[in-house]
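Below is a structure I'd like to ask you about.
The values are calculated or read from the model by the stated rules, or taken from the named source; none is laboratory data. Please read these numbers as outputs of a predicted model, since none were measured by experiment. So basically every Cβ, Gly included, is an ideal-geometry build from the backbone, and we count neighbours across all protein chains shown. Please note that ligands, DNA and RNA were not included when accessible areas were found on the heavy atoms of the full protein model with its side chains. Shrake-Rupley method; radii C 1.70, N 1.55, O 1.52, S 1.80 Å.
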Amino acid sequence: MLSLHHEKPEGNQIMKFDRASGVLLHPTSLPGPYGIGDLGSAAYRFVDFLIGADHCLWQVLPLGPTGFAESPYQSLSSFAGNTNLISLDDLVEAGWLRASDLADRPYFSRRKADYDTAIRYHDEMLSLAYDRFVTRPDDRAACDAWCADPERWWLDDFALFAALKEFHGGRPWVDWEESEVFREKQALGAARVMHSCRIDEHRFRQWVFYTQWDRLRAYANGKGIRIVGDIPIYVAHDSSDVWVSPELFELDFNGRPHFIAGVPPDYFSSTGQRWGNPLYLWDEHRTTGYRWWIRRLEAALKLVDIVRIDHFRGFDRYYKIPASRSTAQGGRWVNGPKIDFFRVVSQGLGKALDELPIIAEDLGDDLGEAIDLRKALKLPGMSILQFAFGANESEQNRFLPKYHEENSIVYTGTHDNNTVLGWWACESSEDDRRRLRAYVGKDRLDEPHWELIRLGMESRSHTLIVPLQDVLGGGSSTRMNKPGVPSGQWRWRCTPEEMDGAPWERLKTLTEAHGRMPGQREA
């Protein structure tokens, strides 16, 4: 079982991660009959398969409610859960839906998430479940008690935000009535009365999401599986985070960003990535003792066991793009809060710097001093095997297995990469393929995905994470995301047959051969 040893390390040792392996699979990619994966039986079955393969980790993408293009990295809230992941079958078990309610459902593809249709269908079923929920006093009392917990300080504002967004036809909050944009007290009071039923339903949905997720996580933890979550460093502009706390972000007088986040041209995109997220006013965050960030990390660590911070380099310096630009070209680098941020946040979390259960996503070109910052914090970074065999010598010197640091997470690829087979067939050059063949000592590679999985298993990195698509041998059609492409992403799903027929025994053999099996499992 993967464990984070929180006792003080001796000498200069880092916080220890046990040698382990795991699989990257977002819940939307799970099998199921309702258009997208959910937190129901297929999720529990996936945990069982991980156990059977002697794996210790399940990595997911951000779990918040999705906004633009259904990207989990453009969430409507840093604290709310994605209620489209609620298991409708579990609502039948709870008595809020009937089996007959789910019998007449639309046709859904088994291989691609059909977000438009699936979200409409889930919304209809969740509203029906709410209608029955409100007639049951015991359920009502349990929900009210959960909502009243001080940890849910964000809930009422998010529920109001969600209700107003629906009322305004999904338009961004900057396009609402001026009194609502600027959160005038009288206008918000009137809105809470006018939309009281929808607000209450959104509170109900969050309670159901968190109840189902907590049950799933407890099952996984009880079987020795730890969940790796994901926090994007930035939040979406059209989010309750920015609407509620605009003073923490670099906005103009109308609430729109002056500058936006992204990265310059790199190996993912020749024009860079223009994410559109507003930038933080770090001086304001510092003045408040980084309270918003402490709350954000506290909330994340109540959902997952370990947090991967996406775009960690932004704490060292971040790329600032004029909002008027149509691409990421023409931006400039600006210093971030650096180690001061982590010193204050670690104190707020009640942990020493070397006890933070954080993975630093430290990828990209021109990283500045981000690697030094990560090492000073003794956080594990990331090594991507697909990058190890390209023509860039600096990437070879970092990502080839012989150069891996022990305190790191090795991946065959991430959610932003093509699958290994897709990379091999469509993106790698003949020189890239020759370098890989030479490195593994073979004249021909019939299964390049298994070669990279084996290299990851052999690596001295303490942790290996493999996207499920690479375990299945999926090609480019199973890719999760292509950076810089604004639509049609995040849609891949595996089928029940693929899940059941995956080579779990082959994974188990490699796991045991390379010392990544759990030391002990609870029954």
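For segment 29-67, give me each residue that is open to solvent by 10 Å² or more (accessible area, probe 1.4 Å) and of a type in the set (S, T, N, Q).
Of everything in segment 29-67, those that are open to solvent by 10 Å² or more (accessible area, probe 1.4 Å) and of a type in the set (S, T, N, Q) turn out to be 41, 66.
Also: What number goes with the only condition from (1) closer than 24 Å to residue 72 by Cα; (2) at pLDDT 95 or above that residue 340 does not pass?
(1)
What's the number of the only condition in (1) open to solvent by 20 Å² or more (accessible area, probe 1.4 Å); (2) under 25 Å from residue 30 (Cβ atoms); (3) of a type outside the set (A, V, I, L, M, F, W, C) that residue 175 fails to meet?
(2)
So which of 468, 472, 510 is more than 26 Å from the chain's Cα centre (by Cα), surrounded by 17 or more Cβ atoms within 10 Å (Cβ to Cβ) and under 22 Å from residue 220 (Cβ atoms)?
Only one candidate passes the filter, namely 510.
Among the residues of segment 401-411, which ones are open to solvent by less than 20 Å² (accessible area, probe 1.4 Å) and farther than 21 Å from residue 378 by Cβ?
401
Just for segment 226-279: of the residues that are part of a loop (DSSP other than H, G, I, E, B) and of a type in the set (Gly, Ala, Ser), which one is most open to solvent (accessible area, probe 1.4 Å)?
The qualifying residue most open to solvent (accessible area, probe 1.4 Å) is 270.
If you don't mind, another one. Looking for whichever is touching a residue at least 12 places away in the same chain (Cβ under 8 Å) and within 17 Å of residue 204 (Cβ to Cβ) here; the options are 129, 118, 113. Which one fits?
129
Here's another thing I want to ask about it. For residue 437, state whether it is over 29 Å from residue 111 (Cα atoms), open to solvent by 30 Å² or more (accessible area, probe 1.4 Å) and not polar (S, T, N, Q).
yes
Quick check on this structure: which one of 124, 93, 70, 151 is surrounded by fewer than 20 Cβ atoms within 10 Å (Cβ to Cβ), acidic (Asp, Glu) and closer than 30 Å to residue 295 by Cβ?
Within the list 124, 93, 70, 151, the selection yields 151.
Can I ask one more? Could you please find all residues in segment 423-432 being among the charged types (D, E, K, R) and open to solvent by less than 50 Å² (accessible area, probe 1.4 Å)? Let's see the steps before the verdict.
Step one: list which residues in segment 423-432 are among the charged types (D, E, K, R), which gives 427, 430-432.
Result: 432, single match.
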